[in-house]
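The values are calculated or read from the model by the stated rules, or taken from the named source; none is laboratory data. What you see is a predicted model, and the numbers here were worked out from it, not measured in a lab. Because the Cβ atoms are built from the backbone with ideal geometry, glycine has one as well, and the counts that use them run over all protein chains shown. Ligands, DNA and RNA are excluded from the accessible area calculation, which covers all protein heavy atoms including side chains. Shrake-Rupley method; radii C 1.70, N 1.55, O 1.52, S 1.80 Å.
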Number of protein chains: 2
Amino acid sequence: MITREALFDDLSALLGKGGLLTESGDMERYRVDWPGYRGAEPLAVARPTTTRQVAEVVSYCHRHDIPLVPQGGHSGLVGGALPDADYPELVVSLERMASVRQVDPINFSMSVDGGCVLQSIKDAAEAADCDFPLSLGAQGSCQIGGNVSTNAGGLNVLRYGMMRQLVLGLEVVLPDGRIYNGMKALHKNNAGYDLKQLFIGAEGTLGIVTGAVLKLFPRPQVSRTALLACPDIDAVLGLYALARRSCCDLLTAFELVPRACLELAMEASPDLRDPLEAPSPVYVLMEAAASGPVDLEAMIEDLFERGFEAGMLTDGVLASSDTQARNLWHIREAMLEGQRNRGEHLRTDVSLPISSLTAFHQRASDEIQALCPQATIIAYGHIGDGNLHFNILPPPGLEAEARAALLHELEERLFEIVDDFDGSISAEHGIGRFKQTAFLETLPEPEYEIMRGLKRLLDPRYLMSPGRILPRPIE
Amino acid sequence: MITREALFDDLSALLGKGGLLTESGDMERYRVDWPGYRGAEPLAVARPTTTRQVAEVVSYCHRHDIPLVPQGGHSGLVGGALPDADYPELVVSLERMASVRQVDPINFSMSVDGGCVLQSIKDAAEAADCDFPLSLGAQGSCQIGGNVSTNAGGLNVLRYGMMRQLVLGLEVVLPDGRIYNGMKALHKNNAGYDLKQLFIGAEGTLGIVTGAVLKLFPRPQVSRTALLACPDIDAVLGLYALARRSCCDLLTAFELVPRACLELAMEASPDLRDPLEAPSPVYVLMEAAASGPVDLEAMIEDLFERGFEAGMLTDGVLASSDTQARNLWHIREAMLEGQRNRGEHLRTDVSLPISSLTAFHQRASDEIQALCPQATIIAYGHIGDGNLHFNILPPPGLEAEARAALLHELEERLFEIVDDFDGSISAEHGIGRFKQTAFLETLPEPEYEIMRGLKRLLDPRYLMSPGRILPRPIE
């Protein structure tokens with residue numbers, strides 16, 4: 001085993017001035033993820049500036065048996081990028097590899113460094129009259145390498161798919177330090193196994209994404225936002241099927257907002273007023289967008305009429321200006337803030353067949369309320385993806401320990417119900433560390449074995465983000 | 001090694017009456033693919049009716065070291081499903097597993113057997129007022145298991161993506177006979193490595209796809225077809241970027257048809273007349289479709305005007321009836337027939353960044369003509385996917401051997417140019433056997449090793465479609 005001093009010397013020499021951080025103070029911000037989760041102090045923080053440097057650092061770690069963890073913008077929600085406490089890890093931060101390499105509007109593609117911040121990618125696309133549609137709350141800080149590694153979702157998935165569908169090519173430093181160069185800007189390529197798929201959603205356990213070729217779309221010229229009031233979730237599902245048709249698949253968002261969420265939003269943002277006259281059990285916040293001459297307003301009005309006739313909606317408002325649209329979207333931001341203000345609570349990210357949402361919601365609500373009548377359920381989400389954030393606010397006044405135990409119990413119950421409905425306990429957030437136990441509980445044997453085999457194939461020494469998704473092998 | 005008689009007895013017992021074919025005459029049609037390629041006589045043909053039976057057959061082969069090859073609708077173009085001559089294989093045909101299991105229009109999904117014929121899937125989707133958009137010439141015979149295993153492309157890729165983007169879940173019999181049950185009807189699922197990606201496009205070398213959950217879309221209510229005359233390929237590329245915008249990504253096809261193809265079509269189909277007054281170097285056959293109230297005609301007319309002003313098109317015709325639209329599409333079918341009528345020729349399926357198509361086409365044409373001035377180049381394709389079928393008709397009157405040698409030489413030259421432009425030698429047809437040599441020539445070492453590793457991981461005995469994509473290991 002190499003000494004800490006030798007490691008520092010070698011990596012400093014390799015990375016140059018500013019390339020390696022070793023002081024506790026300097027490393028502090030690499031220990032914390034956005035929701036406030038905190039990891040251990042890493043061995044050091046490597047900040048390479050080129051793919052070659054990443055490869056050299058990884059190769060060095062491979063030769064000296066040093067575990068490492070790649071880091072993007074620290075906005076993960078499952079603790080995947082937090083340094084380990086038991087086996088000190090080298091953090092490899094891509095923050096100094098943040099360039100847009102090339103934008104190709106004719107090919108509807110762009111190539112970027114793995115450390116490129118999502119917002120700067122969206123800006124560069126827009127400057128070329130194109131759109132990179134991935135849209136996340138964290139887009140001002142999250143990095144594309146992290147988006148690829150976590151197969152990020154977000155608001156526009158129903159139209160553009162998750163990150164996996166937006167990747168044309170990848171460049172990855174493999175756990176032994178070799179470089180997989182798959183930076184082809186091809187919309188179709190059936191030459192052999194599609195290796196880039198391995199790294200998308202692997203949460204940094206199979207390699208470090210140092211570059212990506214992304215798929216672009218025409219930039220929307222017009223968009224329309226509406227808020228619809230619906231009698232129940234079943235009506236929302238019917239309305240969704242209708243909206244897909246009426247709006248010709250130009251829908252970019254279709255968000256379920258239950259009344260409780262609207263109230264939370266108004267609590268957090270006192271200038272926010274009830275957008276419709278009478279309260280309604282559930283709302284839909286929807287958006288449609290188009291890059292050419294389409295009358296979105298007529299489409300949405302057509303939807304209003306048909307939905308109203310079918311009893312799927314009782315009221316609605318179509319934003320007539322950008323300001324009105326922003327105000328409607330503000331509800332969604334404010335409701336997240338309202339949740340945060342309520343202190344520690346259970347946040348989940350489950351997905352189900354859309355057609356099971358009503359039955360799932362009913363059963364989950366019943367069982368959670370039976371277990372804890374004073375809990376408040378806040379179940380909102382991306383209807384078009386079958387993705388519910390079925391969150392639970394515990395009763396106020398509980399001691400920290402009792403609260404944690406209660407939330408854990410409620411989560412276990414909820415996940416059992418998800419499993420009964422053939423759903424997923426992680427629609428978009430991934431597994432990381434926090435969901436590993438629940439994930440492994442229902443993972444069938446052949447899948448576990450193949451996943452283990454993939455890890456062994458690419459990272460036989462188990463040095464790349466060890467312990468995330470899959471547990472360490474028994475030593 | 002088990003005797004042939006024991007194998008017949010055991011598999012007959014396992015599969016029941018009609019489940020196993022062993023007579024040469026009965027097995028004839030399992031030796032031939034649609035383009036006329038012919039394989040060896042198989043050991044036998046197993047025709048299971050359930051996933052359980054497939055698993056039992058595969059498990060039996062695994063125990064007794066018998067190589068096998070899954071077969072779908074025999075429409076492959078690279079010889080992947082043809083039985084091997086040197087190592088007699090058991091054919092596993094999914095033709096008796098052809099049911100639609102369930103259609104769920106609320107979830108925009110359906111689940112089907114692996115042997116389900118694509119057309120029957122499209123019909124079932126339509127009956128539920130939905131659309132399964134995969135669209136291929138072979139859709140009346142090809143099976144979804146084959147479509148998944150070859151990551152099928154086709155006409156509508158620019159809007160809906162390739163097969164990979166249309167799969168929500170898979171059921172696969174693994175090479176050891178175990179069943180991977182990933183039949184979840186989820187639009188989002190980030191719980192661990194996405195194993196289904198391994199089997200999509202693996203050409204049956206990693207498992208047999210016995211079931212799939214497919215993604216559906218709203219059924220188009222209106223569509224419009226147009227034929228545009230353009231001065232050159234560069235203009236076509238500019239027009240494509242314009243059309244993506246003008247038609248709000250409602251484009252379902254954007255096909256390049258050079259003048260030579262139109263002439264071939266008219267040759268093959270004498271009732272076909274020149275659709276525009278003056279001949280033009282290249283044409284675009286385009287289609288847009290929508291599920292709701294959109295004025296596609298106005299959109300396309302807007303495109304006409306803007307394209308005309310920008311010098312990207314010189315003339316065009318917008319079909320004003322379904323009959324007219326069918327007549328325009330008939331050009332594309334007739335040109336394929338025209339090619340076939342010319343006898344043996346070089347068929348390729350290359351892809352490039354769309355922005356490189358002009359330069360690639362120029363250089364490839366120059367070099368091919370320099371090598372063989374009397375060859376006729378027929379380069380048509382899916383512009384929006386950067387996918388060219390750059391085909392070459394040899395001069396007439398060559399002896400079979402000389403022709404084969406010439407076509408081989410031209411192919412090698414063409415593939416070198418594809419490689420220089422960072423393209424792919426197989427956009428949608430796959431590798432199978434026929435493209436293996438060319439594929440391996442430019443495959444970088446780490447990729448070769450990972451592909452080998454994947455094969456070893458899932459099929460350590462090398463019994464599942466051996467020799468396809470990757471060569472057999474040296475024994």
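General remarks:
- The protection proxy used here, the mean number of other Cβ atoms lying within 10 Å of each residue, ranks peptides B:237-247, B:436-446, A:454-464 as follows, highest first: B:237-247, A:454-464, B:436-446.
- Within chain B, helices built from complete DSSP H runs that reach 18 Å or longer along their own axis (Cα positions) and carry a mean Kyte-Doolittle hydropathy of -1.0 or higher are B:51-64, B:233-246, B:296-309, B:357-371, B:400-420, B:445-458.
- Average beta carbon contacts from partner chains per residue of B:197-208, 10 Å cutoff: 3
- For chain B: lysine pairs under 30 Å (alpha-carbon distance), excluding those fewer than 8 apart on one chain: 15
- Note on the range B:1-106: dipole from Cβ charges, positive end direction compared against B:Ser99, B:Ala40, B:His74; the farthest Cα belongs to B:Ser99.
- Dipole size of chain B about its Cα centre, with +1 on Lys/Arg Cβ and -1 on Asp/Glu Cβ: approximately 1460 debye, rounded to the nearest 20.
- In this label model, B:Phe8 and B:Gln324 are separated by 6.2 nm, measuring between points 7 Å along each Cα→Cβ vector.
- Computed helical MRE - 222 nm, chain B, DSSP H runs ≥ 4 contributing -39500 (n - 2.57), nearest 500: -11000 deg cm²/dmol
- Between chain B and chain A, the total buried accessible area stands at approximately 7100 Å², from heavy atoms with a 1.4 Å probe.
- Dipole check for the range B:302-405: with +1 at the C-beta of Lys and Arg, -1 at the C-beta of Asp and Glu, and the Cα centre as origin, the magnitude is about 180 Debye.
- Inter-site label distance for B:Ala370 and A:Ala127 at 7 Å from Cα along Cβ, in nm: 3.8 nm
- Cα gyration tensor, the range A:263-324 - rounded (a/c under 1.5), prolate or oblate: oblate
- Cα shape, the range A:354-441, gyration tensor, a/c 1.5 rule: oblate
- Shape class of the protein assembly as shown from the Cα gyration tensor (axes a ≥ b ≥ c, square roots of the eigenvalues): rounded, since a/c falls below 1.5.
- Label-point spacing at B:Glu28 relative to the other copies reads 8.3 nm, in ascending order, each point sitting 7 Å out from Cα along Cα→Cβ.
- Chain A residue nearest by beta-carbon to the axis mapping A to B, with distance in Å: A:Gln197, 2.
- Note on the range B:397-475 and the range A:352-403: Cα centroid distance 52 Å, given to the nearest whole angstrom.
- Relative contact order of the range A:296-419: 24 percent, from C-alpha pairs under 8 Å at least 6 residues apart in sequence.
- Computed about the Cα centre, the dipole magnitude for the range A:129-206 is approximately 180 debye when only Lys and Arg (+1) and Asp and Glu (-1) carry charge, each at its Cβ.
- The stretch between B:Gln165 and B:Ala298, if pulled fully straight at 0.36 nm per residue, gains 44.9 nm over its current Cα-Cα span.
- Note on A:153-162: average number of Cβ atoms from other chains within 10 Å of each residue's Cβ is 2.
- Length-normalised contact order of chain B in % [C-alpha pairs under 8 Å, at least 6 apart]: 15 percent
- Accessible surface, per residue, of chain B when the full set of protein chains is kept, probe 1.4 Å, Å²: 37 Å²
- In this label model, A:Gln119 and B:Ala40 are separated by 6.3 nm, measuring between points 7 Å along each Cα→Cβ vector.
- 10 Å Cβ neighbours from other chains, averaged over peptide B:452-460: 3
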